[in-house]
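Here the structure is laid out as structure tokens; the discussion comes afterwards.
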């Protein structure tokens with residue numbers, strides 16, 4: 001992963017991982033989860049074309065995703081009705097073009113100014129589109145949404161898209177195409193100037209570029225990939241409602257990109273995989289998963305604004321210098337104390353949830369495999385003590401990590417890696 | 001006429017409530033450059049706090065305690081959250097408040113559950129204050145207006161007549177200079193943030209029982225007050241005032257009006273056939289359009305006058 | 001290299017034709033007049049320094065010429081073509097580049113990328129999103145050339161934001177000249193430098209503006225008198241003298257208004 005951006009090995013590994021995964025995780029929920037991850041990766045990367053590459057903080061990126069999904073839904077229904085003929089395999093291109101069209105249109109009015117005004121107007125447009133979607137029921141299907149049948153086009157070369165595995169491979173194929181495409185765009189004149197405009201829009205003007213134009217074109221391209229992801233969404237779920245282009249969906253992609261890390265091309269890939277996984281895995285176990293999610297997001301913003309990718313990349317020079325083993329002991333202590341703290345924290349939250357819920361409030365509950373009764377005092381004392389001690393030790397351990405990093409500094413410099 | 005008067009009064013009280021929210025948001029924005037996504041969450045916390053405190057003390061003490069509680073939470077958020085993030089820039093600050101709004105909503109789920117709580121208008125204010133033609137006007141709405149207006153007047157007086165208000169005003173435009181004069185600008189920031197949160201909390205105390213106290217209330221109001229501050233011009237208090245009343249009126253009136261473009265055409269003698277493609281579009285009534293209107297206005301404003309009604313500041 | 005705008009002043013064959021021509025240029029900020037009617041003719045191929053006390057409007061003049069601020073009144077011509085109130089990027093494309101007094105580079109990009117961004121437009125790559133930059137041989141060559149010229153060859157992978165101040169100033173000049181503009185505006189290229197750094201900077205300026213028109217704002221008189229062919233003195237938004245260094249030195253008005261106050 002480290003040298004993903006530097007050589008071609010990363011690409012090969014990526015493709016192999018995609019192809020091997022369904023043979024490792026054969027359960028059907030795993031397959032549908034991996035399909036969702038593939039779609040999320042495209043969506044998150046397209047979002048990062050805006051936030052990471054050109055510095056536009058959008059709170060309405062799901063508009064292009066959702067519109068891509070709706071238009072594709074109608075296209076597939078037309079295919080089913082025999083109005084037109086179009087292979088399902090290539091339908092995502094159509095969705096992409098729809099997203100691109102709306103990126104282009106909304107880009108005219110939104111890209112003139114970056115920063116807070118852009119964030120606000122993107123939010124305004126998202127609200128407007130979401131509210132309109134409920135109004136124009138003929139196209140958006142009202143609360144019920146629009147459903148389709150992906151197998152309607154009939155089988156082609158033996159591919160009917162009936163079985164989930166075929167959809168998975170369709171998503172994987174488009175995912176690889178999109179990742180390569182979006183990475184390639186970062187290496188073009190427009191991609192480089194996008195970074196320049198993000199860093200210093202004014203100076204970009206004085207080397208001959210119009211920053212508004214750079215933002216606008218980037219937004220149009222980002223719209224394409226968002227629409228493409230939306231297309232895959234409708235092929236996968238076969239139903240789309242107005243919520244898909246709503247604020248919550250837009251918020252989810254902000255989380256994915258930021259948790260993964262917007263400073264590195266591959267950051268949002270990590271974020272998309274992790275967030276999709278947590279969303280589907282945690283929501284099975286706990287009602288509080290959204291809370292954990294939000295807290296994870298806050299912790300990342302406060303302590304590691306580069307996201308997970310930023311954390312990993314920070315160790316690049318240490319790896320090069322071969323000094324990683326000096327960090328490991330302190331990291332192990334941090335993990336151990338952090339685990340105690342987290343265990344305590346999660347237990348507190350889960351117990352509150354349990355007590356507050358009207359149905360089972362007074363019954364015993366299973367917490368990490370242990371049966372406890374939160375209506376008595378003892379479990380609370382134990383858990384609070386665990387949390388307090390864990391936190392105290394954790395804070396101390398993180399200080400130690402800071403010290404080790406400080407000690408590493410001169411060595412890294414003498415080895416010439418930073 | 002009766003309809004118009006009642007709706008006008010309702011939109012005025014709603015607009016004043018919006019201004020209580022947007023004034024705090026505007027002050028925080030002009031001072032710290034941060035559009036606080038979690039501002040409406042403080043509004044929600046105010047309503048829930050008033051409900052919870054009210055269970056023990058009744059409405060009147062809660063009216064004072066709840067905003068103070070929310071203000072304290074605001075101060076805590078500024079001191080231990082925003083200030084940490086400040087060094088990473090505005091995008092990180094904006095995202096921090098965004099994440100905070102998310103977390104606050106979940107915490108509300110955690111403590112009070114997903115269903116609305118039974119926070120109601122106190123019995124002592126649950127009567128008719130006057131009657132317009134046939135409509136009985138509730139005393140609570142009148143009370144709300146009185147509180148809002150007196151709150152706004154005292155805010156104005158604090159900002160213009162007191163020493164601390166002058167420091168706040170100076171920090172809005174020249175934070176470095178104020179710092180150089182020996183004032184603790186971070187503490188002023190914290191004070192303003194807490195003050196804005198407390199105002200939002202007060203709005204929550206007043207609005208929570210009039211409308212509904214539920215976990216979705218922050219989101220519903222949040223986007224509207226964004227429209228208000230952007231529409232009025234980010235960082236302009238008079239702009240926020242005008243925009244609050246305007247948006248309040250637009251929302252209140254459009255919901256109440258069941259007219260469509262079709263009706264308009266009919267009134268001048270034009271008909272659209274039912275099978276025409278425009279029939280569906282033209283028959284959308286104003287009340288159906290109501291949820292879109294504020295955002296439509298926002299987008300139009302940003303296209304034609306990006307600095308808003310009275311704004312001068314750009315970030 | 002063929003597509004780069006070459007900076008030879010002899011192109012038109014006439015050394016006396018003007019590169020930049022300002023005609024009664026005025027600029028107000030609100031009620032305050034900052035530039036009160038400046039007319040100035042900068043000859044192709046000369047090195048022209050603009051001096052004056054703080055607040056005289058030197059940087060404002062640069063901002064007007066380069067399109068950063070709109071004019072209140074007057075016209076500006078670049079090589080005989082009217083560029084009044086054009087957008088900065090359009091003026092840049094016509095062959096005028098400028099540097100900034102406060103370093104204004106792309107901090108999160110490497111030195112190499114900073115320069116390359118400044119090269120792309122002049123080579124005609126515009127907003128292309130289908131060409132790989134690493135495959136653009138002319139851009140790479142030109143970039144490498146500039147990076148070497150500004151003496152940052154062994155630092156080219158560094159992020160611009162972590163360079164030393166003097167290195168950032170050199171990069172600032174590199175980004176300015178990389179597009180191959182004929183007319184170069186440098187805003188205080190040696191400000192805040194130590195003596196040895198300043199000598200390096202002067203040499204760099206001399207080298208990179210060889211055969212081009214240079215206009216610079218500078219406070220250091222040794223730099224000004226060492227580099228400039230002609231000098232314009234700006235005081236409170238008005239030109240009080242223009243001429244050869246020797247003429248300026250002898251001009252009494254200048255000595256009273258400006259040089260006198262500097263000699264401490």
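None of the figures in this text is laboratory data; all of them are computed from the coordinates on show. Every value quoted in this text rests on a predicted model; they were computed, and no experiment measured them. Neighbour counts are summed over all protein chains in view; Cβ atoms, including those assigned to glycine, are modelled from backbone coordinates with ideal geometry.
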- Task: Could you tell me how many degrees, from 0 to 90 and to the nearest 10, lie between the Cα long axis of helix B:217-232 and the main elongation axis, the longest principal axis, of the Cα atoms of chain B?
- Result: 90
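Under the 0.36 nm per residue contour assumption, what length would be gained going from the current alpha-carbon distance of residue A:159 and residue A:16 to full extension?
Working: separation 143, 0.36 × 143 = 51.48 nm, distance 2.15 nm.
Net length gain for the segment: 49.3 nm.
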- Rg followed by Dmax, in Å, when chain C is reduced to its Cα trace: 18.4, 61
- Item | With Cα atoms, 0 to 90° folded angle of helix C:137-149 axis to chain C main axis | 50
- Note on the structure: Cβ density ranking, 10 Å radius, fewest first, applied to B:42, B:88, A:225 yields B:88, A:225, B:42
- Helix B:39-57 vs. chain B, principal-axis angle (Cα, 0 to 90°, nearest 10): 80
- Query: What residue among B:19, B:37, B:76 shows peak mean-square fluctuation when chain B is described by a Gaussian network model with Cα springs under 10 Å?
  - Reply: B:76
- Message: Given bins 20 angstrom wide, list per bin the percent of all Cα-Cα distances in the protein assembly as shown, short to long.
- Response: 11, 37, 36, 14, 1
- Task: Set the Förster distance to 41 Å, then compute FRET efficiency between residue A:303 and residue C:32 from the Cβ-Cβ distance, nearest 0.05.
- Result: 0.30
- Query: Any idea how far apart residue C:249 and residue C:82 come out in nm if each label point goes 7 Å out from Cα toward Cβ?
  - Reply: 4.2
- Note on the structure: GNM of chain B, Cα pairs under 10 angstrom: of B:210, B:21, B:157, the biggest fluctuation goes to B:157
- Message: How big is the range C:25-80 along each principal axis, measuring the range of its Cα positions in Å and listing the largest first?
- Response: 37, 26, 18
- Query: What's the exposure ranking of C:162, A:63, going from fewest to most Cβ atoms within 10 Å?
  - Reply: C:162, A:63
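Could you list B:217, B:177, B:44 in order of exposure, starting from the residue whose Cβ has the fewest other Cβ atoms within 10 Å? Display every interim value, and only then the final one.
Working: B:217 23, B:177 12, B:44 30.
Ascending Cβ contact count within 10 Å gives the list B:177, B:217, B:44.
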- Averaging 1/r across every pair of distinct alpha carbons in the range A:8-143 and inverting yields a Kirkwood hydrodynamic radius, in angstrom, of 17.3
- Query: Taking only the alpha-carbon positions of the range B:22-165 and ignoring solvent, what does the Debye formula give for the base-10 log of I(q)/I(0) at q = 0.14, 0.15, 0.16 Å⁻¹?
  - Reply: -0.85, -0.95, -1.04
- Item | DSSP beta bridge pairing in the range C:17-262, given as percent antiparallel to the nearest 5 | 60
- Message: Averaging over every viewing direction, what projected area does the convex hull of the Cα atoms of the range A:9-306 cover, in nm²?
- Response: 16.2
- Query: Any idea what the relative contact order of the range C:50-121 is, in percent, if you count C-alpha pairs under 8 Å spaced at least 6 apart?
  - Reply: 21
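With contacts defined as alpha carbon pairs under 8 Å and 6 or more residues apart, what's the relative contact order of chain B in percent?
Details: 460 pairs, mean separation 99.0, N = 315.
After rounding, I find 31 percent.
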- Mean separation of Cα contacts under 8 Å (6+ apart) over length of chain A, as relative contact order %: 22
- Query: Where the Cα atoms of chain B are projected onto their three principal axes, how long is each span, largest first, in whole Å?
  - Reply: 71, 48, 40
- Message: Debye calculation, C-alpha points only, no solvent: report log10 I(q)/I(0) for the range A:315-414 at q = 0.17, 0.20, 0.22 Å⁻¹, in the same order as the q values.
- Response: -0.77, -0.92, -1.03
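Given axes a ≥ b ≥ c from the Cα gyration tensor, I'd like to know whether the range A:66-120 is rounded (a/c under 1.5), prolate (a/b larger than b/c) or oblate.
Details: a/c = 3.90, a/b = 3.51, b/c = 1.11.
In terms of gyration-tensor shape, prolate.
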- GNM on chain A, C-alpha springs below 10 Å: top fluctuator among A:400, A:198, A:215? A:400
- Shielding of B:109-120 by other chains, given as the mean Cβ count within 10 Å, works out to 2
- Item | Cα extents of the range B:123-208 along the three principal axes, largest first (Å) | 61, 22, 18
